[in-house]
Amino acid sequence: DSQLKEAYLYGGGAEPIHVELNRHNFSSQIAIAQETVALRVLPELLAEDQPFPQDAPSVDIPPQWEDTLLIFFHRPDQAVIPIKIHKINASEGVFNPGEFYWINMRDVYVGGIVGGQKLRIGPWDSAVMKCPEGEIECTVKLDYLVEGETKTRGLIRQMWSVDEETRQVVFILKRPPPQYASYYVLPLRDPPKPAAAEQ
């Protein structure tokens, strides 16, 4: 819903980092200083000696997180910049290639089976899941329950491909009645690692 195309990240005392906000894709990888604890976000560069807006959105980055995904959601009630920030620990051993990261952006309860495992996600919650090791397909059968109703509604009835080199972020999205909820899958491949220096 947002028309915002760019933002600037401030943190760690370094120069601000310019970020292009794509509608459906992650930006390029951004390196931040190891000592950075919090990133603050502005829609434009601060002028010299201009005070930082007190209500600018910010996100804490735990120092032990080696890789972090930041997802900006449109939030029009924010005065400084109309976003809400969701952070994901994408470090090795937490959210790995071949796994699914579920983000429920609705006030519905989601439950069912993913690759033989039970999945339960409450409103505005998130969860990480993987399919059984070695599988190339995953059975996904999920329903959702609208608050105030007693009967669940079908959300997903599919076989999903599993790629051991791809992370998949799955958003449970808001839809107007009578549908109420839908989903969107965002595949994410790690960029190629730098070539090792020759000896």
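The values are calculated or read from the model by the stated rules, or taken from the named source; none is laboratory data. Quick caveat: nothing in here was measured; it's all calculated off a predicted structure. With ideal geometry, Cβ positions are generated from the backbone for all residues, glycine too; neighbour counts draw on all protein chains shown. These accessible areas exclude ligands, DNA and RNA; they are computed on the full protein's heavy atoms, side chains included. Shrake-Rupley method; radii C 1.70, N 1.55, O 1.52, S 1.80 Å.
Quick notes on this one:
- Out of Glu66, Glu48, sole residue that is part of a loop (DSSP other than H, G, I, E, B), free of Cβ contacts under 8 Å to residues at least 12 places away in the same chain and more than 21 Å from Val170 (Cα to Cα): Glu48
- Residues that are open to solvent by 50 Å² or more (accessible area, probe 1.4 Å) and assigned to a strand (DSSP E or B) within the stretch 100-109 comprise just one, Tyr109.
- If only residues of the stretch 2-45 that are at pLDDT 85 or above, loosely packed, with under 13 Cβ neighbours inside 10 Å and among the aliphatic types (A, V, I, L, M) are counted, the one that is farthest from Gln168 (Cα to Cα) is Leu45.
- Selection status of Pro97, modelled with pLDDT under 85 and either surrounded by 17 or more Cβ atoms within 10 Å (Cβ to Cβ) or over 12 Å from the mean Cα position of the chain (by Cα) (or both): yes
- Within the stretch 145-164, being of a type in the set (A, V, I, L, M) and surrounded by 14 or more Cβ atoms within 10 Å (Cβ to Cβ) holds for Leu145, Val146, Leu155, Ile156, Val162.
Table: residues versus (1) within 21 Å of Tyr8 (Cβ to Cβ); (2) in contact with a strand residue (DSSP E or B) (Cβ under 6 Å, 6 or more places away or on another chain).
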position	(1), (2)
Ile32	yes, no
Glu35	yes, no
Arg40	yes, yes
Pro57	yes, yes
Arg75	yes, yes
Ala79	yes, no
Ala90	no, yes
Trp102	no, yes
